[in-house]
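Before any comments, here is the structure.
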Amino acid sequence: MSGHGSKPGTRAVGVLVPPAAWLTLLFLGPLCVVALISLMAPGAPVEWTIDGSAYQRLLDPIYLGVLWRSLSLAVMATVLCLVLGYPLAYYIARRPPRFRRVLFFLVLVPLWTNSLVLIYGWMVMLRPNGAFDQLLQGLGFGGGEPLTILYTPAAVILGLVYWYLPFMVYPLYASIEKLDFRLLEAARDLGAGGLAVLVRVLLPLTLPGIATGCLLVFVEALGAFVVPDLLGGAKSMMLGNLVQQRFLSVPQDWPMGAAAAMLMLALLLVGMLWASRVGGLRRGA
Amino acid sequence: MVRDVSLAIREGEFFSLLGPSGCGKTTLLRLLAGFESPTSGEILLAGSGVQDVPARRRDLNIVFQHYALFPHLSVARNVAFGLEMQKVAGDEIQRRVADALALVRLQGLGARMPRELSGGQQQRVALARALITRPAVLLLDEPLGALDLKLRREMQSELKALQRRLGTTFVYVTHDQEEALAMSDRVGVMHDGQLLQVGAPHEIYDRPVNRFVAAFIGESNFLAAEVTGYDDRDLIVRSAGESLRVRGERIAIGRRVTLALRPERLRIMPAGDSVAVNLLDGRLRECVYLGTGWRCEIELVDGSVMRASLPPQDSGVLSVGSRVMLTFAPPDVAILESDS
């Protein structure tokens with residue numbers, strides 16, 4: 001191997017040219033364009049003079065409200081995904097290998113189904129006198145009032161959790177599956193109860209999976225616009241909807257939309273930094 | 001996995017469960033630890049039933065086969081784990097961790113991470129972690145299995161010395177018969193989920209109860225025989241065309257038995273020498289010098305091959321191909337039921 005000098009390295013660089021070009025052209029290029037637009041003066045859709053007022057206008061309480069709602073909905077969806085996904089991933093990882101594959105496949109099924117179909121399905125179920133409502137009424141809950149969950153933040157969270165749960169389960173499963181389960185026995189043997197086993201052994205050792213899963217769900221949820229658009233209605237607008245509206249709906253305001261997009265990107269970078277810190281700290285373990 | 005095991009382990013003894021892999025010895029250990037529950041039967045610890053007590057409340061700790069050290073905790077935190085679970089005060093934990101590390105000769109390594117230690121050192125950490133809560137019983141699941149031979153030998157004597165010093169009951173699972181014999185006060189031999197024999201190492205070695213034990217612990221030559229009579233001390237049996245004297249309990253005349261003979265208890269004599277009792281005619285087929293002695297194969301007249309180990313000075317009769325006589329003393333034979 002060593003006799004061939006730098007040859008393998010040179011070849012590796014050559015192989016990297018197409019994907020690098022692809023990413024530069026199709027990812028970095030548009031990103032620069034958006035960044036540029038975000039600095040322009042407002043117009044319909046854009047006035048090509050630099051003034052940076054779009055960022056200033058983002059500080060308007062209405063937009064700060066959208067930002068706050070986006071963050072809190074994304075965080076809540078992430079936490080719920082973690083709480084629901086962890087036991088699920090743990091359960092799957094502890095089945096015999098052939099069952100694992102089947103169960104894991106079942107978790108992924110929603111990802112392979114057309115997302116609009118799924119969301120419309122949820123709308124049908126959640127609307128007043130829908131399947132959900134009738135079930136609750138039938139069980140004696142709801143007090144005779146029609147269900148009003150559709151077009152509320154709760155419906156958005158429900159949709160986000162439903163949609164992004166597989167993104168949480170996959171990395172969790174990957175890190176739980178690698179775990180040496182005798183460590184849990186060792187902890188129990190030394191007197192640890194269920195909670196102590198979880199907090200002292202299980203969670204620290206699967207932290208990389210937790211960080212990756214949270215990052216994936218948070219990133220996706222923060223930028224979501226189909227779910228809040230269809231399940232949330234006007235009062236549940238998120239950053240993604242804001243971006244979409246400023247670019248596509250009248251009155252158009254591209255710098256505003258671009259500035260919101262850049263803000264979202266900044267938030268995601270912070271999230272990624274955090275996740276790589278948390279995940280990276282334990283990598284050697 | 002484990003059937004009809006009835007076993008009483010004495011307080012303060014070094015007890016080994018010995019058997020080939022898959023014999024159920026680890027399952028038995030896990031039953032004791034509380035990781036498995038028996039479908040029927042009882043487990044008593046110091047006189048009281050523990051089969052409904054969860055693992056974490058049983059006053060026994062386990063040293064796992066591959067140590068199962070917590071990879072995210074330092075050596076000191078690993079060792080302290082049991083005390084932290086018992087909510088022992090911080091300064092006492094520190095003191096006892098230092099003591100425990102000193103006990104296994106790992107002073108000053110408390111701040112290291114487990115992956116920074118050698119296999120032997122990790123083994124000691126696992127030991128310190130399990131001993132720090134002063135359990136009544138320490139369970140060890142092939143703790144030396146991953147170490148190389150030299151380190152194994154060192155750890156064997158160290159473990160034995162530690163057990164003697166602490167007076168803790170050790171239940172030691174191993175498939176290495178030499179290890180079991182060398183370390184244990186008593187050994188339980190397991191096969192196919194059953195406990196075949198329990199006894200001191202010399203009892204197991206000299207008086208195996210059946211052919212499996214005789215073959216698994218050390219090495220044995222087996223001879224089919226039939227009881228033809230007895231006198232006040234010995235049984236007279238007929239085997240390989242010869243009449244032989246063996247010491248043992250009286251068995252009905254006509255019964256078929258198997259004789260188990262240890263290679264090192266056999267002697268080889270020149271043909272024609274007929275002073276001793278228990279002479280078997282044969283031909284020396286092979287002889288190998290091993291430094292500690294000679295290892296020879298003798299083919300008997302009926303075609304069966306016997307192995308004998310001879311001390312190095314016994315080279316006088318060892319010419320390969322010559323006719324020789326095999327002999328042994330009546331007490332040096334174990335008589336086994338023939339069906340086993």
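The values are calculated or read from the model by the stated rules, or taken from the named source; none is laboratory data. What you see is a predicted model, and the numbers here were worked out from it, not measured in a lab. Please note: Cβ atoms are built from the backbone with ideal geometry, for glycine as well, and neighbour counts cover all protein chains shown. The accessibility values were calculated without ligands, DNA or RNA, using every heavy atom of the protein model including side chains. Shrake-Rupley method; radii C 1.70, N 1.55, O 1.52, S 1.80 Å.
Below, the figures for the structure above:
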quantity	calculated
Inter-label distance, nm, simple model (7 Å from Cα along the C-beta direction), A:V117/B:A224	7.3
Percent carbon-and-sulfur accessible area, the range A:54-284, ignoring ligands, DNA and RNA, probe 1.4 Å	70
Net lengthening on full extension, B:L166/B:E84 (0.36 nm per residue, minus Cα-Cα)	27.3 nm
Relative contact order computed over chain B (Cα-Cα under 8 Å; 6+ residues apart), in percent	17
Residue mean of other protein chain beta carbons inside 10 Å, A:189-199	6
Gain upon complete extension [B:E116, B:L149; 0.36 nm per residue less C-alpha separation]	9.7 nm
Modelled FRET efficiency - R0 35 Å, B:D91 with A:F99, Cβ distances, 0.05 increments	0.10
Calculated [θ] (222 nm, deg cm²/dmol) that DSSP helices of n ≥ 4 give over the protein assembly as shown, each run adding -39,500 (n - 2.57)	-14000 deg cm²/dmol
Average beta carbon contacts from partner chains per residue of B:65-71, 10 Å cutoff	5
Per residue accessible area in Å² of the range B:67-204, where ligands, DNA and RNA are left out and the probe is 1.4 Å	41
Accessible carbon and sulfur surface of chain B relative to its total accessible area, %, 1.4 Å	47
Residue-span extension gain [A:A35 to A:N129] - 0.36 nm each, minus C-alpha spacing	29.3 nm
Accessible surface buried upon A-B contact (total; probe 1.4 Å; Å², nearest 100)	2000
Point-charge dipole on Cβ atoms (K/R +1, D/E -1) for the range A:54-284, about Cα centre, debye to 20	720
Cα shape, the range A:126-235, gyration tensor, a/c 1.5 rule	oblate
Charged-residue dipole, Cβ positions (Lys, Arg, Asp, Glu), chain B about Cα centre, Debye nearest 20	980
Partner aspartates and glutamates for A:K235 [C-alpha distance under 17 Å; skip if fewer than 8 residues away on the same chain]	A:D60
Rough spin-label spacing in nm, given labels placed 7 Å along Cα→Cβ, for A:W22 and A:V270	3.3
Relative contact order (percent, whole number), chain A, Cα cutoff 8 Å, 6+ residue spacing	27
Computed E for B:D99/B:H66 - FRET, C-beta separation, R0 25 angstrom, nearest 0.05	0.45
Accessible surface of B:L300 - all protein chains present, 1.4 Å probe, nearest 10 Å²	10
Between the range A:98-119 and the range A:32-63, the alpha-carbon center distance in angstrom	40
Sequence of B:M183, A:M264 from largest to smallest accessible area, 1.4 Å probe	A:M264, B:M183
Accessible area of the range A:51-179 divided out per residue, in Å², using a probe of 1.4 angstrom	57
Positive-pole candidate from A:L116, A:L135, A:V17, dipole of the range A:1-149, charges at beta carbon	A:V17
Whichever lysines have a C-alpha closer than 29 Å to that of B:K150, once near sequence neighbours (fewer than 8 apart) are set aside	B:K25, B:K160
Cross-link partners of A:K178 among lysines (Cα-Cα below 23 Å; sequence separation of 8 or more within a chain)	none
Cα shape, the range A:8-95, gyration tensor, a/c 1.5 rule	oblate
In Å², nearest 10: area of B:M190 left accessible to a 1.4 Å probe	0
Trypsin sites (Lys or Arg not before Pro) restricted to DSSP loop in the range A:89-140 with at most 14 other C-beta within 10 Å	A:R94
Exposure rank, largest accessible area first [B:Y172, A:Y63, A:Y91; 1.4 Å]	A:Y91, A:Y63, B:Y172
Magnitude of the charge dipole, the range B:212-340, Cβ model with Lys/Arg +1 and Asp/Glu -1, debye to 20	80
For the range B:72-94, residues shielded by at least 40 square angstrom of accessible area compared with the chain on its own, probe 1.4 Å	B:H72, B:F81, B:M85
Cα→Cβ-extended label distance, 7 Å offset, between A:L136 and A:D60, nm	3.4
R0 of 41 Å, Cβ-Cβ distance A:A174-B:S304: FRET efficiency to nearest 0.05	0.10
